[in-house]
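Chemist: Sharing a structure below in structure tokens format, with a few things to ask.
The numbers here are math on the coordinates, done by the rules we state, and not lab data. In this text the structure is predicted, and so the values were computed from the model without any measurement. Glycine also receives a Cβ, built like all others from the backbone with ideal geometry; neighbour counts cover every protein chain displayed.
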Amino acid sequence: MPDLIWHPGPPDEEDEKMQSYAEMSKEELQALRKKLSAQYKEFQGKDLKLDMSRGKPSAEQLDLSMEMMNVLNSDSDLTCEDGTDCRNYGVLTGIKEVKELIGDMMEVSPDNIIIYGNSSLNVMFDTVSRSMTHGVMGCTPWCKLDKVKFLCPVPGYDRHFGITEYFGIEMINVPMNEDGPDMDMVEKLVSTDESIKGIWCVPKYSNPTGNSYSDETVRRFARLKPAAPDFRIYWDNAYGIHHLYDHDQDHLIEILAECKRAGNPDLVYKFSSTSKISFPGSGIAAIATSRNNLEDILKQLKYQTIGHDKVNQLRHVRFFKDIHGMVEHMRRHADILRPKFEAVTSILDRELSGLGIGSWTTPKGGYFISFDTLDGCAKDVVAKCKKAGLVMTGAGATYPYGKDPHDCNIRIAPSYPPLGDLILAMELFALCVKIVSIDKLLADKEKVEKTVAPAESKAEA
């Protein structure tokens with residue numbers, strides 16, 4: 001498959017990029033609005049049913065793992081190298097072979113891993129739930145405290161925020177920069193407020209920006225001095241090997257090793273899964289952390305289960321064989337995803353660059369692109385897209401409680417639609433951004449006119 005199978009068309013006869021919308025007169029904006037409205041009606045007449053609401057692998061990506069269904073059958077030997085019969089009970093922390101495979105994927109020792117079931121989100125929920133009911137390493141259970149708070153880098157992952165909201169944990173927004181969360185703010189809050197018990201992090205190709213934490217950011221996390229002894233960093237490395245390019249990749253310092261060097265070995269819970277590597281819903285999840293934290297987790301886990309699905313663990317090992325097989329598998333994923341990401345950014349560049357009505361990220365991996373509209377426009381853009389047959393992630397979803405204080409962030413999820421549908425969706429999206437932005441600018445101009453007119457009348461009098 002070629003790296004790019006779609007190329008942008010020629011620019012419009014009227015090159016809108018030559019002049020930002022903010023520089024246009026009221027009359028120019030009104031004329032442009034009329035032209036764009038006609039284009040929008042054409043889209044409405046197409047009876048589109050396009051969905052970009054979630055970051056799901058496409059059917060083409062899922063097809064890459066179908067051979068996994070054939071590596072085990074009724075004649076297969078389901079015995080591990082150490083003699084464990086995967087058909088039976090036992091092996092609470094996961095079979096040796098899969099801990100080695102996932103350890104290589106997570107860049108940690110197999111001895112520091114517990115293998116779970118199919119979902120890292122489930123592991124994160126369990127981790128918060130256990131902290132609520134039984135505390136962390138002997139500390140007071142959170143449910144007995146007057147106040148529990150979490151730091152939430154924004155824009156961020158809506159399902160993280162959903163977990164903490166479910167447990168009634170107060171969420172505090174922390175701005176995301178290109179190199180990670182605002183660490184000055186994180187350090188100050190964590191060191192001075194004992195009620196802050198955690199922070200959500202998607203450190204590599206983050207959801208939704210696609211940005212990765214810098215080396216300095218990782219080191220500052222490892223050197224945190226929290227006021228709360230039970231403060232933990234929830235390090236959700238969901239996209240650790242989800243690169244788009246072979247030779248242009250983001251690299252992350254391994255956080256557990258860095259914490260150990262900094263004298264904070266217990267500071268981090270590191271999560272990962274194969275959900276977007278093999279099959280969502282049928283993958284393998286894991287937590288990696290210090291021995292002290294692992295022992296604390298196992299106090300609950302031994303009552304919760306006798307062992308997770310070892311047959312599925314063995315299936316993954318037999319299919320991928322080792323980390324090299326997994327990396328090669330992800331190259332095939334990248335061949336499918338890369339043209340989609342490049343189509344999105346090419347259309348945004350062609351349609352919106354220079355207009356002053358939006359900005360967007362250009363990630364090197366992961367599943368999302370983050371788009372910022374003018375303040376106060378995101379909800380209207382998403383609603384206008386929906387009226388023409390395109391479902392986007394809800395505006396506000398990337399903020400705690402679904403409340404974006406600037407109403408500007410929209411998460412773009414290119415992975416699921418076929419490329420042709422994606423191109424159509426992005427052309428519609430860009431059109432909606434233009435229309436809503438013009439409406440916003442015209443409304444602002446009208447407010448100015450209403451303010452200026454009385455002032456001028458008074459001056460004349």
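Chemist: Grab the DSSP H runs of the chain that are 4 residues or longer, score each as -39,500 (n - 2.57), total them, divide by all residues and round the 222 nm result to the nearest 500 deg cm²/dmol.
Modeler: Numbers: 13 runs with 191 residues, N = 461.
Using -39500 (n - 2.57) per qualifying helix, the result is -13500 deg cm²/dmol.
Chemist: What list do you get for W142, W360, W235 if you sort them by fewest beta carbons within 10 Å? Write down the numbers at each step before the final one.
Modeler: Numbers: W142 24, W360 19, W235 28.
Ranking W142, W360, W235 by Cβ neighbours within 10 Å, fewest first, gives W360, W142, W235.
Chemist: Please give the charge dipole size of the chain, origin at the Cα centre, charges +1 on K and R Cβ atoms and -1 on D and E Cβ atoms. Round to the nearest 20 debye. Mind dumping the intermediate values first?
Modeler: Values: 55 positive and 69 negative charges, 260 e Å.
Around 1240 debye, computed over the chain.
Chemist: From the backbone phi of the range 434-443, what are the Karplus-calculated ³J(HN,Hα) couplings (6.51 cos²θ - 1.76 cosθ + 1.60, θ = phi - 60°) in whole Hz, Gly and Pro given as x?
Modeler: Running phi through 6.51 cos²θ - 1.76 cosθ + 1.60 with θ = phi - 60° gives 4, 5, 5, 5, 4, 4, 5, 5, 5, 4 Hz.
Chemist: Gap in Å between the Cα centre of the range 394-418 and the Cα centre of the range 285-314?
Modeler: Going from one Cα centre to the other spans 33 Å.
Chemist: What lysines does K302 reach when the alpha-carbon gap must be under 17 Å and sequence neighbours fewer than 8 apart in one chain are set aside?
Modeler: Here the lysines satisfying the reach criterion relative to K302 are K310.
Chemist: I'm checking a number: the convex hull volume of the Cα atoms of the chain, normalised per residue, in Å³. What is it? If you can, show how the numbers build up before the last one.
Modeler: Working: hull volume 79.3 nm³, N = 461.
Enclosed volume per residue, from the Cα hull, is 172 Å³.
Chemist: Please list, in chain and number order, the residues 5+ apart from V154 or on another chain whose amide H is under 5 Å from its amide H, with Hs placed from the backbone.
Modeler: Those lying under 5 Å, H to H, from V154 are V174, M176.
Chemist: Could you check the simple spin-label distance between D146 and D104, using points 7 Å along Cα→Cβ, in nm with one decimal?
Modeler: For D146 paired with D104, the spin-label model returns 5.3 nm.
Chemist: Hey, another quick one. Taking H as built 1.01 Å from N, whose amide H comes closer than 5 Å to the amide H of S272, not counting residues under 5 places away?
Modeler: For S272, the qualifying residues are A286.
Chemist: Under a point spin-label approximation (7 Å from Cα along Cα-to-Cβ), what is the R318-M137 distance to one decimal in nm?
Modeler: My value for the distance between the label points is 4.0 nm.
Chemist: Step through the table entries K35/K440; K149/K270; K147/K379; K149/K225; K26/K440; K49/K384, compare each Cα-Cα distance with 23 Å, and write down the pairs that go over it.
Modeler: Values: K35/K440 17 Å; K149/K270 20 Å; K147/K379 32 Å; K149/K225 16 Å; K26/K440 12 Å; K49/K384 14 Å.
Over 23 Å apart, Cα to Cα: K147/K379.
Chemist: How would M24, M426 line up from fewest to most surrounding beta-carbon atoms within 10 angstrom? Working shown, then result.
Modeler: On the way: M24 19, M426 26.
Starting with the residue having the fewest Cβ neighbours, the order is M24, M426.
Chemist: Got a sec to turn the phi values of the range 244-252 into Karplus ³J(HN,Hα) couplings, 6.51 cos²θ - 1.76 cosθ + 1.60 with θ = phi - 60°, whole Hz, x for Gly and Pro?
Modeler: 9, 10, 6, 10, 9, 10, 7, 10, 10
Chemist: Residue separation times 0.36 nm, minus the C-alpha to C-alpha distance between E23 and V391: what's the value? Can you show the working numbers first?
Modeler: Numbers: separation 368, 0.36 × 368 = 132.48 nm, distance 3.13 nm.
Stretched out fully, the E23 to V391 stretch lengthens by 129.4 nm.
Chemist: Another question about this same structure. Obtain the nm distance between the two label points defined at A443 and R87 by a simple spin-label model: each point lies 7 Å from its Cα along the Cα-to-C-beta direction.
Modeler: 6.6
Chemist: Residue-wise, which Karplus ³J(HN,Hα) couplings in Hz belong to the range 228-234, taking 6.51 cos²θ - 1.76 cosθ + 1.60, θ = phi - 60°, and x for glycine or proline?
Modeler: After applying 6.51 cos²θ - 1.76 cosθ + 1.60, I find 8, x, 9, 6, 9, 8, 8 Hz.
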